[in-house]
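Okay, structure first, notes after.
Read-outs throughout are calculated quantities, based only on the coordinates presented, and are distinct from any laboratory measurement. These figures come from a predicted structure and were not determined experimentally. Cβ coordinates were reconstructed from backbone atoms using ideal geometry, including for glycine residues, and neighbour counts include every protein chain displayed.
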Amino acid sequence: MSKFAANGDSTLQQAASQFDIFSMFKTNIDKIISEQGFTTDLTKMMELQVAFLQFVGECYPTKIEYVNQIMESCCTLLRRRNPTEVDEDVQKNVVKILTIPLSRLSLKVIYMSEFPNLMKYLPVKRRKIVAVELAEVTLCLLTTVELSLR
């Protein structure tokens, strides 16, 4: 659905503004997490969260609280799992969840309460990836500000 919204068709975005699609998806995803989230492959559960985050980015680009709620769900999933289950694929998905919002929300992401909580589940090498992305966004912002001051 996020790809559909990203392709410029405003139908989904109009529906998202008229109906609380986020809450409908969130309720059902939370139900999946509570019923299957601790027995289903963790990679698949995190891929679901990445897809949901991409959808939110397309339909609700300024809703930082929605992004924070998705990160909170990810923390819930990870907290109840054995640390050995947080393999390379899961870590890559966590990095995506932490960096995807940067394109729309910029540095506002670091003010979200769940951002640092989710970072805790990454080893240092993956945290560095997120830090580099944050540094790149910061550099772009500084460059933009500098150019506008000229």
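List of remarks:
- Karplus-derived 3J(HN,Hα) values for segment 90-95, using 6.51 cos²θ - 1.76 cosθ + 1.60 with θ = phi - 60°, are 5, 4, 4, 5, 4, 4 Hz; glycine and proline are entered as x.
- Taking GluC sites (Glu not before Pro) across segment 42-78, none is in a DSSP loop with at most 10 further Cβ atoms lying within 10 angstrom of its Cβ.
- Taking other residues whose beta carbon is less than 14 angstrom from the beta carbon of GLU88, and scoring Lys, Arg as +1 and Asp, Glu as -1, yields -1.
- Volume of the Cα convex hull of the chain, divided per residue and given in Å³: 117 Å³
- Modelled spin-label separation between SER103 and GLU47, with each label point placed 7 Å from Cα along the Cα-to-Cβ direction: 2.0 nm.
- Projecting the Cα atoms of GLY37, MET112, PRO123 onto the dipole axis of the chain, where Lys and Arg carry +1 and Asp and Glu carry -1 at the beta carbon, places PRO123 farthest toward the positive end.
- Length gained on full extension, ASP30 to GLU88, computed as 0.36 nm times the residue gap minus the Cα-Cα distance: 18.5 nm.
- Of LYS26/LYS92; LYS44/LYS128; LYS92/LYS128; LYS26/LYS128; LYS63/LYS96, pairs whose Cα-Cα distance is over 20 Å: LYS26/LYS92; LYS44/LYS128; LYS26/LYS128
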